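Take a look at the structure set out below.
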Amino acid sequence: MKFKFRFTGEDLRDYLFLTIGVLFYTIGWGAFMLPYQITVGGVAGISNIVYFISGIPVDVTYFLINACLMILALKILGFRFMVKTIYCIFAITFMLRVVQMLLKQPDGTLLQMMGPHESFMACIIGSALCGIGLGFIFMQHGSTGGTDILAAIVNKYRDVSLGRVLTICDIIIVSSCYFIFYDWRLVVFGFCTLFVMYYVMDYFMDRQRHSVQFFIITKHYDEISHAINEEAHRGCTLLQAEGSYTHEGCKVVMCIARKFESNRIFEIINEIDPNAFVSQSRVVGVFGKGFSAISGKKHRSRKQSSKQNQ
């Protein structure tokens, strides 16, 4: 089987943000949670437990487990699904080793950056950094491997959501740390870590995906729509409308853009027609070119369905 690689400027941007996400994730995990013996979910949590028991570096366990899962996933899910995940796994493994080398003290323990007896603060800061990192990674359609791969495999053959599989795995892994330290406090810290990490991740991703919708009523609709296309790089749609009072026909410019692009669009409108009537509203769930891809599991095609009905 031959694979054709076309590395574009958009791919470079994706891998840049993946690298930033990996950096946030490894600092949160390796510099804040690992020195305070806080167990997280997924393969990261298993790696922590192995480290606490045997002293084997977390990057070694993390890579070995993911290597086995990658071999399985390549056969089931295909190479295209795995390429960014493979990059993230190698990058996390490398950066974890660097973080452990920098924090390792002469006695072999890891430096507690927040000071002793500051497990709660380390839990909050570390999980927040991990959440931001996961937000960057997932927004570029990558993953950190581990239980993400396992969940994707289960989801392919069973009608079980990814979130449910990940939640079950995380609960089992975090709860198991009690049988190592016999300290319920660390179990509570582990669940706090999961809550904060996923909350921050969802918040970060939602903020980046915020979109707004413009309705622009102006006599200069052609000029404004052309300027938005060329300068803001956003498409516009012209809607035929009629004034309720005058019954005169007019055209309304409709445009959907990212929230951070709003200022530029307002500048364009103000430059061309300061008297334009503009309505801006927040929209939820914008799918298509330039926005999020339409997601959903495909069960069967329409052609197959029509044949069965016949």
Here the qualifying pairs (Cβ atoms under 9 Å; residues six or more apart or on different chains; first in segment 266-295 and on the phi > 0 side of the Ramachandran plot and at pLDDT below 90; second surrounded by 15 or more Cβ atoms within 10 Å (Cβ to Cβ) and among the basic types (Lys, Arg)) come out as Gly285/Arg209; Gly290/Arg234; Gly290/Arg258
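In segment 173-202, how many residues are among the hydroxyl-bearing types (Ser, Thr, Tyr) and out of contact with any helix residue (DSSP H, G or I) (no Cβ under 8 Å at 6 or more places or on another chain)?
Step one: list which residues in segment 173-202 are among the hydroxyl-bearing types (Ser, Thr, Tyr), which gives 175-176, 178, 182, 193, 198-199.
Within this subset, residues satisfying the condition of being out of contact with any helix residue (DSSP H, G or I) (no Cβ under 8 Å at 6 or more places or on another chain) are 182.
So the answer is 1.
Looking only at residues that are hydrophobic (A, V, I, L, M, F, W, C) and modelled with pLDDT under 85 in segment 202-231, which one is most open to solvent (accessible area, probe 1.4 Å)? Write out each step before concluding.
Our first condition is that a residue be hydrophobic (A, V, I, L, M, F, W, C); within segment 202-231, this holds for 204-205, 212, 214-217, 224, 227-228.
If we keep only those that are modelled with pLDDT under 85 too, we end up with 204-205.
Working: Phe204: 40, Met205: 20 Å².
By that ranking, first place goes to Phe204.
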Being farther than 17 Å from Gly135 by Cβ and without any contact (Cβ under 8 Å) to a residue 24 or more places away in the chain is the filter here, so list the residues in segment 188-211 that pass it. Val188, Phe191
Kindly list the number of the only condition in (1) over 20 Å from the mean Cα position of the chain (by Cα); (2) open to solvent by less than 40 Å² (accessible area, probe 1.4 Å); (3) of a type in the set (Lys, Arg) that fails for Lys84. (1)
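Could you say which residue among Leu72, Leu64 is surrounded by fewer than 20 Cβ atoms within 10 Å (Cβ to Cβ) and modelled with pLDDT of 90 or more?
On the way: Leu72 fails: modelled with pLDDT of 90 or more.
None of the other options fit; the residue is Leu64.
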All-but-one check, Gly235 against (1) open to solvent by 80 Å² or more (accessible area, probe 1.4 Å); (2) within 27 Å of the chain's Cα centre (by Cα), failing number (1)
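Can you tell me which of Leu74, Leu69, Leu129, Leu102 is out of contact with any Pro (no Cβ under 6 Å at 6 or more places or on another chain) and under 23 Å from Ile168 (Cβ atoms)? Lay out the reasoning, then the answer.
On the way: Leu74 fails: under 23 Å from Ile168 (Cβ atoms); Leu129 fails: under 23 Å from Ile168 (Cβ atoms); Leu102 fails: under 23 Å from Ile168 (Cβ atoms).
Every option except Leu69 fails the conditions.
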Going through (1) in contact (Cβ under 8 Å) with a residue 40 or more places away in the chain; (2) closer than 30 Å to Phe277 by Cβ one by one, Glu231 fails only at (1)
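Matching residues to (1) aliphatic (A, V, I, L, M); (2) open to solvent by less than 20 Å² (accessible area, probe 1.4 Å); (3) touching a helix residue (DSSP H, G or I) at 6+ places or on another chain (Cβ under 8 Å):
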| residue | (1), (2), (3) |
| --- | --- |
| Leu111 | yes, no, yes |
| Gly126 | no, yes, yes |
| Gly131 | no, yes, yes |
| Phe136 | no, no, yes |
| Met139 | yes, no, yes |
| Gly142 | no, yes, yes |
| Ile149 | yes, yes, yes |
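Got a sec? Which helices (runs of 4 or more DSSP H) wholly within segment 112-187 have at least 2 residues that are among the small types (Gly, Ala, Ser) and modelled with pLDDT of 80 or more? Walk me through how you get there before you give the answer.
Numbers: elements: 119-139, 147-157, 162-176, 178-181.
By residue number, 119-139, 162-176.
Might you check whether a residue that is assigned to a helix (DSSP H, G or I), open to solvent by 20 Å² or more (accessible area, probe 1.4 Å), among the β-branched types (Val, Ile, Thr) and in contact (Cβ under 8 Å) with a residue 40 or more places away in the chain occurs anywhere in segment 87-95? Walk me through it before giving the result.
Residues of segment 87-95 that are assigned to a helix (DSSP H, G or I), as a first pass: 87-95.
Those still in the list that are open to solvent by 20 Å² or more (accessible area, probe 1.4 Å) too: 87, 90, 93-95.
Keeping just the survivors that are among the β-branched types (Val, Ile, Thr) gives 93.
Pick out the ones that are also in contact (Cβ under 8 Å) with a residue 40 or more places away in the chain and you get none.
No, there is no match, as no residue in segment 87-95 is assigned to a helix (DSSP H, G or I), open to solvent by 20 Å² or more (accessible area, probe 1.4 Å), among the β-branched types (Val, Ile, Thr) and in contact (Cβ under 8 Å) with a residue 40 or more places away in the chain.
The values are calculated or read from the model by the stated rules, or taken from the named source; none is laboratory data. Predicted, not measured: the structure shown is a model, and the values here were computed from it. Glycine also receives a Cβ, built like all others from the backbone with ideal geometry; neighbour counts cover every protein chain displayed. Side chains are part of the model used for accessible areas, which takes the heavy atoms of the whole protein and leaves out ligands, DNA and RNA. Shrake-Rupley method; radii C 1.70, N 1.55, O 1.52, S 1.80 Å.
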